[in-house]
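Here is the structure we will look at.
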Amino acid sequence: SLAPKTKSHIRGLMHTIFECARRWELVDRNPISLVRVRGGSKRLKVPRVLTAEQFCLIPPLLPEPYRTQVWVAGCLGLRASEIMPLKWSDINFDEFTLLVQRSMVHGRGADVKTEYSKDRVPLDPALVEILLAHRTQSHRTIEDWVFANPETDRPYHQDPIQQNHIREAGKAAGLGEGIGWHTFRHSYRSWL
């Protein structure tokens, strides 16, 4: 048996196929519109949201470069997959902006998740100071990655950072279990 989310994805694909068939007048009605997937669109858990004060407890408990990565996540609401492949050329320190234009998951580069995600975002002066401080001590590469792993010269993978550092910092800060990259994104949205 497939997971509800997988069933939901299959339903979405079939819906698209049948909509094309309907436009081409091969069928009269899209039969997939009659299909319902139980639990396919529900979140299994309510997203964890931190207050700004709770969030600020986490970065000081992290070593670099994870500390700067978490500041970027919390201050900009970016996905971890958008933070890891940042390049120094994406940051305009004069205009206080950052261009989000690529994504990377498990070392594989791609476009950002949605076209809406591809954007120039404003930077607060305090975050600019954090990034400038990081630049003075970061591992530099030919590709100019902001968060290059010195062992590989490629961007870090986000999963081990979450498992080995962010979750532990959350516990050490007294915030309990389950703190991760999505926590920062959901918290940022709630602060807005």
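The values are calculated or read from the model by the stated rules, or taken from the named source; none is laboratory data. The structure displayed is predicted, hence computed values, not measured ones. When we count neighbours, we look across all protein chains shown, and the Cβ atoms used for this are built from the backbone with ideal geometry, even at glycine. For the accessible areas, the whole protein counts, side chains as well, though only heavy atoms, and no ligand, DNA or RNA atoms are used. Shrake-Rupley method; radii C 1.70, N 1.55, O 1.52, S 1.80 Å.
The table below gives the values:
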{"item": "Residues being in a loop (DSSP other than H, G, I, E, B) and under 17 Å from I130 (Cα atoms) - total across the stretch 47-61", "result": "1"}
{"item": "Residue check for R135: open to solvent by 70 Å² or more (accessible area, probe 1.4 Å) and assigned to a helix (DSSP H, G or I)", "result": "yes"}
{"item": "Identity of the residue in the stretch 148-174, open to solvent by less than 40 Å² (accessible area, probe 1.4 Å) and in contact with a helix residue (DSSP H, G or I) (Cβ under 6 Å, 6 or more places away or on another chain), that ends up farthest from V105 (Cα to Cα)", "result": "A173"}
